[in-house]
Structures are given as structure tokens and as C-alpha cells.
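Colleague: I have a structure here, written as C-alpha cells, and I will follow up with some questions on it.
Rule-based calculations on the coordinates, nothing more; no lab input. Note that the coordinates shown come from a computational prediction; the quantities given were computed from them, not determined experimentally. Please note: Cβ atoms are built from the backbone with ideal geometry, for glycine as well, and neighbour counts cover all protein chains shown.
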């Protein structure tokens, strides 16, 4: 029973870490896209 609870807690932890990682990745992608749009406008 304890192992099940520990596994559940660890799964929650991993999911939160994954969510955080995806949010950071999203922010980086948005910043990169913004930079690329700005650079492509400067090249015209």
C-alpha cells in the first residue's frame, strides 16, 4: 500500500516537472519565432 502511495506521489512530481519543462519550451519557441519574424522583416 505504501509503495502505491509513493508511486502516486512520484508520478505527480514527474508530471509537474514535465509541465514546467513544456512551459519553458513553449516560451523559448515563442521567443525564437519573434526573433525570426523580426530578422526576416529586417532582411526585406
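Colleague: Let me have the 222 nm mean residue ellipticity of the chain computed from DSSP H runs of 4+ only, each contributing -39500 (n - 2.57), with the sum over all residues rounded to the nearest 500.
Modeller: Calculated at 222 nm, the ellipticity per residue is -35500 deg cm²/dmol.
Colleague: Counting residues in the chain as N, plug N into 2.2 N^0.38 Å and put the Cα Rg over that result.
Modeller: Normalised Cα radius of gyration, the chain: 2.06.
Colleague: Can you tell me the orientation of helix 2-43 relative to the chain, as the angle in degrees between its alpha-carbon axis and the longest Cα principal axis, to the nearest 10?
Modeller: Roughly 0 degrees between the two axes.
Colleague: Which FRET efficiency, nearest 0.05, do residue 30 and residue 1 yield, Cβ-Cβ r, R0 30 Å?
Modeller: Once the sixth-power term is evaluated, E becomes 0.10.
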